[in-house]
1. Given H placed 1.01 Å from N in the peptide plane, which residues other than close sequence neighbours of B:GLU72 have an amide H under 5 Å from its amide H?
2. Averaged over peptide A:153-165, how many Cβ atoms belonging to another chain are found within 10 Å of each residue's Cβ?
3. State to the nearest 20 debye the size of the charge dipole of the protein assembly as shown about its Cα centre, where the only charges are +1 on K and R beta carbons and -1 on D and E beta carbons.
4. Give a residue-ordered list of calculated ³J(HN,Hα) values for region B:30-37 (Karplus: 6.51 cos²θ - 1.76 cosθ + 1.60, θ = phi - 60°; whole Hz; x for Gly, Pro).
5. For a Förster distance of 56 Å, can you work out the FRET efficiency between the beta-carbons of A:SER111 and B:ASP124, rounded to the nearest 0.05?
6. If I take all pairs of Cα atoms in region B:97-191, what percentage of them are more than 22 Å from each other?
7. Might you report the magnitude of the Cβ-based charge dipole of chain A about its Cα centre, with Lys and Arg at +1 and Asp and Glu at -1, to the nearest 20 debye?
8. Let me spell out the model: positive unit charges on the Cβ of Lys and Arg, negative unit charges on the Cβ of Asp and Glu, origin at the Cα centre of region B:1-113. What dipole size does that give, in debye rounded to 20?
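What follows is calculated from the coordinates using simple rules that are stated; it is not laboratory data. Remember, predicted model here, so these are calculated numbers, not experimental data. Glycine gets a Cβ as well: all are built from the backbone with ideal geometry, and neighbour counts include every protein chain shown.
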2 protein chains.
Amino acid sequence: MSRSRTAYVILGVLAIHSNQSGYEIRRTVQYSVGYFWGESYGQIYPTLKRLEAESLIAKSNSTTASRKRRQEYSITPAGRACLEAWLAVPYQEDPPRDEFLLKLFFGNEVSPSVSIAHVRRFQDKLRLMLASLEQLEPLARANSAQYPGFPFWMLTLSFGKAQLRSALEWSESAMEVLSADEPATTSNPLLADGIPAVQSA
Amino acid sequence: MSRSRTAYVILGVLAIHSNQSGYEIRRTVQYSVGYFWGESYGQIYPTLKRLEAESLIAKSNSTTASRKRRQEYSITPAGRACLEAWLAVPYQEDPPRDEFLLKLFFGNEVSPSVSIAHVRRFQDKLRLMLASLEQLEPLARANSAQYPGFPFWMLTLSFGKAQLRSALEWSESAMEVLSADEPATTSNPLLADGIPAVQSA
DNA sequence: ACACACATGTAATTGGTTACATGATTTC
DNA sequence: GAAATCATGTAACCAATTACATGTGTGT
């Protein structure tokens, strides 16, 4: 049962809009949920085959044009049922992995300038993404406000913006902290008695 | 060159505190960076062997006690150099994957109660983690404020708290939005002209 | 004619989790 | 002596990325 989540992403975007090719599905994913989800061709094409074999999607080279060498797909009723079933089950958390924070955590092992560079880079990225999301909003509003899914899309968008802004704020105070310095016991400072493990899964 | 990041996590925790066994390293990781990083035994033990073969760590069954059937390791100068080199290179971003947001994005395909349940779950998790981090702080301060790495640990901790708080705030407004309802075009609403792809990598 | 975007796919590899198997030491 | 925790490891499997290979349609 626990099939790859790629399958559900495909079902999801086909549920919103039919007759998309593998190429286009990937683009759609990038453009719409790119902020928090990615898919590669190496994953998409095989999954399309599999989904078609299971009749959750069907070839639908139809409507617009089959003028290109492209294979369009649409979701089937079974596919829709499958998507809905998946959506209903509690989401699964992926193990967290943030290399930026990891490097920052070990910052004492290297020159402060290294950590400063990491934070700066982080900041730049944040600003880029925030600009990107802020730019996306009015366009999305203009283009898709009438779609029933719109409120949900806005919800994820506003989540993204909120996280980005909070990260940006933190990064500014972090830069301040990292501009001041003085660089020690034998009991493990990371594993002292009574410190509970961080809840993660 | 591009070795598994598990190796660097191990080097990092051994750099902070020597003479830890695989078991203990894993616990240390959980307790200290668990909020944003995880490691499994299946990854740690083979990596320890590899690192020892490369002389980046060395067996050091010594100091405290070898009373248990346990193999302790310490970082070597070469290992330290390797860690430092890795820390200095720009962090790599992992492709984002947030199943919660994905399910929320497709929320229109199912009953609103489903999305509400997801957000509620998300909220609960957030509160748990925030409590966990807030509890961690004073303890960490008491136990390790004298360690040179402490400011960096606090930085990652405060990042976590900031993100959590902002997510929590968002979740509250999301719950409001999701408590009001009415549930269409043929051009792809997710892929309208002029919408730029979200910056992610 | 050239370049670029569209389009589809496969193979190799990685990075990682999970489950399994086993056993020692401590604590009650 | 039973249970919990400490402790080490392997095998099977999986999701996913990357690089490679190939070709078509459109616009300049």
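1. B:SER60, B:ASN61
2. Taking the mean over all residues of the peptide, I get 5.
3. Roughly 1280 debye, rounded to the nearest 20.
4. Those phi angles translate into 4, 6, 9, 10, x, 5, 9, 8 Hz.
5. Once rounded, the FRET efficiency stands at 0.85.
6. I get 47 percent for the Cα pairs in region B:97-191 exceeding 22 Å.
7. That gives a dipole near 1380 debye.
8. In total the dipole reaches around 680 debye.
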